[in-house]
1. Please go through segment 234-246 and pick out each residue that is under 59 Å from the mean Cα position of the chain (by Cα) and open to solvent by 80 Å² or more (accessible area, probe 1.4 Å).
2. May I ask you to verify whether Ile222 is free of Cβ contacts under 8 Å to residues at least 24 places away in the same chain and open to solvent by 60 Å² or more (accessible area, probe 1.4 Å)?
3. Looking at segment 247-283, which of its residues are under 59 Å from the mean Cα position of the chain (by Cα) and in contact (Cβ under 8 Å) with a residue 24 or more places away in the chain?
4. Give the residue, chosen from Arg191, Arg231, Arg196, that is under 30 Å from Leu279 (Cβ atoms) and either outside any loop (DSSP other than H, G, I, E, B) or open to solvent by less than 80 Å² (accessible area, probe 1.4 Å) (or both).
5. Give Gln262, Gln282 a once-over and let me know the one that is polar (S, T, N, Q), in contact with a Leu (Cβ under 9 Å, 6 or more places away or on another chain) and either open to solvent by 100 Å² or more (accessible area, probe 1.4 Å) or in a helix (DSSP H, G or I) (or both).
6. Determine whether segment 30-49 contains at least one residue that is of a type outside the set (S, T, N, Q) and more than 29 Å from Pro106 (Cβ to Cβ).
7. Just for strands (runs of 3 or more DSSP E) wholly inside segment 1-90: which have at least 2 residues that are of a type outside the set (A, V, I, L, M, F, W, C) and open to solvent by 60 Å² or more (accessible area, probe 1.4 Å)?
Amino acid sequence: MHFWDINKKKKIGMARDRDGAKSFEWAPDGRTFTTAVLRPWRRVDNGYKIFTYAGEKIAEKKIEKLFQVLYRPALRGVYPNRPQSPRLTDKRLAEQREQVKAAAQPKAYVPPHLRNKQKSGTGKSSTPSLQERLRLERQSSGPKFIKQGPVAVNNGVVTHGGVAADDQQQQQPKLTKQQLKNKKRAERRRRAKEEREAEKAAAEAAAAAEKQAAIEAQQAKIASMSDEQKRARMIKKLRKKIAQADKLVELAAGGQQLDAAQQAKVDSAAELRADLEELLDQQSN
């Protein structure tokens, strides 16, 4: 925002509101300027800021639900037309430029629950970086390992490296609600996968057992047949194969291209007929 003296055509100040204000209004005395973030345009960060005509922010307030910001109207002449106040000193101008420059620089995103954290005694922000947060999350959600040291038993209490096992368990970081929820969801998925794999294995075993039982029943049936029954069964199978070969020959004569397996059936037709004649001779004798 740039503020100009329309009489002198001269710029007298500037300011910047990085909150994306939607409402702008001059005070009736013409000495202050107000910006505001309102509902329903924004449902978060509602509030207002007041600047002087030189661009200095003199007031700011956050309100959970703010719908309108207005000055009380005043009649003409209530506030006299005063001259411009003395210009800011070079030090104040430098501070103002630094504030505007800092506001213009993009800042890293900070989750809501980590905002407004007080700075630590070292002067660094207590807000951890993204890499640090990911590392802490992996440590809290991954497998827990107790650093092994000298093992001792003192009055029935087992200690590792001078620290009691109960104390080590208490020192382990507690999982957040979201991490516990993710852990339970992963456990349910793992159990469901194991159940599906077990059902699939059981179905495959049942199918294999059924197939083996059918093969054994067929073999037992063949073993119980007499020579005449076995010969009749073989004749039936040969006649079926010969019929299939004759059908393929008709298809080939009609112009259809046969694959390797079909051509092998056609080539074996003569041998099948010879076997069939031999079995028929045995049956007639």
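1. The one that is under 59 Å from the mean Cα position of the chain (by Cα) and open to solvent by 80 Å² or more (accessible area, probe 1.4 Å): Lys241.
2. Values: free of Cβ contacts under 8 Å to residues at least 24 places away in the same chain: yes; open to solvent by 60 Å² or more (accessible area, probe 1.4 Å): no.
Considered against the rule, which asks whether it is free of Cβ contacts under 8 Å to residues at least 24 places away in the same chain and open to solvent by 60 Å² or more (accessible area, probe 1.4 Å), Ile222 comes out as no.
3. Lys265
4. Details: Arg191 fails: under 30 Å from Leu279 (Cβ atoms); Arg196 fails: under 30 Å from Leu279 (Cβ atoms).
Going through Arg191, Arg231, Arg196 in turn, the sole match is Arg231.
5. Selected residue: Gln262, the only one of Gln262, Gln282 that is polar (S, T, N, Q), in contact with a Leu (Cβ under 9 Å, 6 or more places away or on another chain) and either open to solvent by 100 Å² or more (accessible area, probe 1.4 Å) or in a helix (DSSP H, G or I) (or both).
6. Scanning segment 30-49, I find at least one residue that is of a type outside the set (S, T, N, Q) and more than 29 Å from Pro106 (Cβ to Cβ), so the answer is yes.
7. Details: elements: 2-5, 10-14, 23-26, 32-37, 47-52, 57-62.
In segment 1-90, the matching strands (runs of 3 or more DSSP E) lie at 10-14, 57-62.
The values are calculated or read from the model by the stated rules, or taken from the named source; none is laboratory data. Remember, it's a predicted structure, so these values are computed and weren't measured experimentally. Positions of Cβ are backbone-derived with ideal geometry, glycine not excepted, and every protein chain shown enters the neighbour counts. SASA here: full protein model, heavy atoms, side chains in, ligands and nucleic acids out. Shrake-Rupley method; radii C 1.70, N 1.55, O 1.52, S 1.80 Å.
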